[in-house]
Amino acid sequence: MSTGFLAQYGEEIATLTAEHVWLTAAAMAFATMIAVPTGIWLTRAPRWAKPIIGVTNILQTIPSLAMFGFLLPVPWLGERAARIAIFALTAYALLPILRNTYAGIRGIDPSVIEVAQALGLTGTQRLFKVELPLAASFILAGLRTATVTCIGIATIAAAVGAGGLGELIFRGVASVDNRLVLAGAVPAALLALAADGALGLLERRFKVAAR
Amino acid sequence: MSAAIEFRAIAVATPQGRRLLNDISLSVEAGTTTVLLGRSGSGKTTLLRTVNRMVEPTGGEVLVNGTPIRNSDLITLRRSIGYVIQETGLFPHFTIERNVGVVPEAEGCAPAERVRRSHELLLAVGLDPASFAHRFPHQLSGGQRQRVGLARALAADPKILLMDEPFGALDPLTRGEMQDMLRDLLAGLKKTVLLVTHDLDEALYLGDQIALLSEGKLIACLEPHEFLRSGMAEVQDYVQAFRRGERSARQVTRR
């Protein structure tokens, strides 16, 4: 890409990247707030695990373009494109976070949980001192998968006018200008790589040595 | 002496109706060690776990220090009873020091006091705090981990100690060392101990009384010196079966 191109589009790329980050980050925050507590609850009521994880699984199979389309006529949500985007991205992020929270806690050595109960730790102490720290790297791995997926899906949010780097891609496709397509795709890919790397580091920090 | 633990006609059945324990009555005097001896599936672990209500009896009653525990506060009850299991269940993300002090920590004890208590107990179980306090469980050998498990169970100074095959996973040499250590430790501490094992020698060495269980029933409760001399067919069967198992294990090792 020539310096002329960057001079012309540099500012727009920066703005759209910031928008992209904001859409993804908001969706991740909502998804975490919903999926982590739900995952914890499922470990206490495992008979609900299959149906509820099943629902989030079905959400994931909806093609993203269709999902954005379905949400357009919904009252309140449809009024602002960013709302649609954040809602849809949240829905896509639920499964990996929920599944990993559930599996992470259920996968803890049963003797550790047994002793935590038998020594008289309260439910809250067991959760915050034992279960969450031991499942943390799993939960973060779920968050990482969700983030990387959503950075990709967020490019499609531009189809309903939610902004983000998809804007440049759609515009580039419409005007058959590959430079514009790349100007959207390359920063989106870099964002995904950066998020993957940063969350991967965090995940390793929380990994507990095996016995 | 009074009974620290009393089992009154304890029955435990699974929700499907399978009977795990049948009408077990047994009294454990304060400051003594009672061994629950039996084969796998005899119900000894289930009986042990009724004392801290990890298992709720479907019939009968458990009394601790003369009080029925059915309606006692679960957290208070469990914090007043030490618990040691074969797999140790050490918290892999805590240092040894924090593992040992976990019950005082749960009770809101000050950090400095927790550390002091934890070091004191590490010394008591034969681990030098200077070299072990800041290690993690995976950096310890099986025997060392079991010592930490014992120290943790003693941290809140419980009057009662429940031990479920505590040395079951250890090699014979380490096992012997641990039995010696436990015997010395208990001689000074005057705890009421309920210990589950299938190892007859361990039962004879550590027990003040031995309760033999089979298929969910209490067969006999005898002092060690009576146990080997008992004329009861079930007791003799167990002794013979255990010795036979030992002989064949030795032959396998020799080959």
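The values are calculated or read from the model by the stated rules, or taken from the named source; none is laboratory data. A quick note: this is a predicted structure, and the numbers were derived from the prediction, not measured. Don't worry about glycine lacking a Cβ; one is built from the backbone with ideal geometry, like all the others, and counts go over all protein chains shown. Surface areas here come from the heavy atoms of the whole protein model, side chains and all, with no ligands, DNA or RNA. Shrake-Rupley method; radii C 1.70, N 1.55, O 1.52, S 1.80 Å.
When chains A and B come together, the accessible area they lose, probed at 1.4 Å and totalled over both chains, is close to 2000 Å². The sum of -39500 (n - 2.57) across all DSSP H runs of n ≥ 4, divided by the residue count of chain B, sets its helix-only mean residue ellipticity at 222 nm to -11500 deg cm²/dmol. How much of the accessible area of the stretch B:155-255, probe 1.4 Å, is carbon plus sulfur, in whole percent? Accessible surface attributable to carbon and sulfur in the stretch B:155-255 totals 50 percent. The three principal axes of the Cα atoms in the stretch A:8-70 give end-to-end lengths of 57, 24, 13 Å, sorted in falling order. Couplings 3J(HN,Hα) of the stretch B:166-175, computed from phi: x, 10, x, 9, 9, 5, x, 5, 4, 4 Hz, in residue order, whole Hz [Karplus 6.51 cos²θ - 1.76 cosθ + 1.60, θ = phi - 60°; x for Gly and Pro]. Counting only lysines at least 8 places from B:K217 when in the same chain, those with an alpha carbon closer than 24 Å to its own are B:K44. The C-alpha atoms of the stretch B:105-169 occupy a region whose extents along the principal axes are 34, 29, 18 Å, arranged from largest to smallest. Loop-resident chymotrypsin sites (Phe, Trp or Tyr not before Pro) (DSSP state other than H, G, I, E or B) in the stretch A:51-153 with no more than 10 further Cβ atoms inside 10 Å of their Cβ: A:W76. Annotation: Cα Rg of the stretch B:91-213 relative to the compact-globule expectation 2.2 N^0.38 Å equals 1.06.
Dividing the Cα radius of gyration of the stretch B:21-150 by 2.2 N^0.38 Å, with N the residue count, gives 1.21.
Anyone know which of B:R244, B:R117, B:R39 comes out most mobile in the 10 Å Cα GNM of chain B? For chain B, modelled as a Gaussian network with Cα springs under 10 Å, the answer is B:R244. Amide hydrogen proximity for B:A220: with H placed 1.01 Å from N in the peptide plane, the residues at 5 or more positions away or on another chain lying under 5 Å are B:L212. Could you work out how far helix A:3-44 tilts from the main Cα principal axis of chain A, as a 0 to 90 degree angle to the nearest 10? Long axis of A:3-44 versus the principal axis of chain A: about 20 degrees.
Comparing B:T45, B:T32, B:T174 in a Gaussian network model of chain B, where Cα atoms under 10 Å apart are tied by springs, the biggest mean-square fluctuation is seen for B:T174.
Listed by chain and number, the aspartates and glutamates placed with their C-alpha closer than 15 angstrom to that of A:K207 are A:D109, A:E131; residues fewer than eight positions away on the same chain are left out.
Inter-chain Cβ neighbour count for A:118-128, averaged per residue, equals 6 (cutoff 10 Å, partner chain atoms only). What you get for the protein assembly as shown, charging only the Cβ of Lys and Arg (+1) and of Asp and Glu (-1), is a dipole of about 520 debye around the Cα centre. Taking a ≥ b ≥ c as the square roots of the eigenvalues of the alpha carbon gyration tensor, the protein assembly as shown is prolate, as a/c is not under 1.5 and a/b beats b/c. Using a ≥ b ≥ c from the Cα gyration tensor of the stretch B:175-255 (square roots of the eigenvalues), is it rounded, prolate or oblate, where a/c under 1.5 gives rounded and otherwise the larger of a/b and b/c decides, a/b for prolate? Here the stretch B:175-255 falls in the oblate category.
Amide H contacts of B:I85: B:D164, each under 5 Å away and 5 or more positions distant or on a separate chain (H built 1.01 Å from N in the peptide plane; Pro and chain starts excluded).
When the inverse distances between all different Cα atoms of chain A are averaged and flipped, the Kirkwood radius reads 18.7 angstrom. Let me test this: with uniform point scatterers at the alpha carbons of chain B, what is the Debye-based log₁₀ I(q)/I(0) at q = 0.07, 0.10 1/Å? With no solvent term, the Cα-only Debye profile gives -0.25, -0.51.
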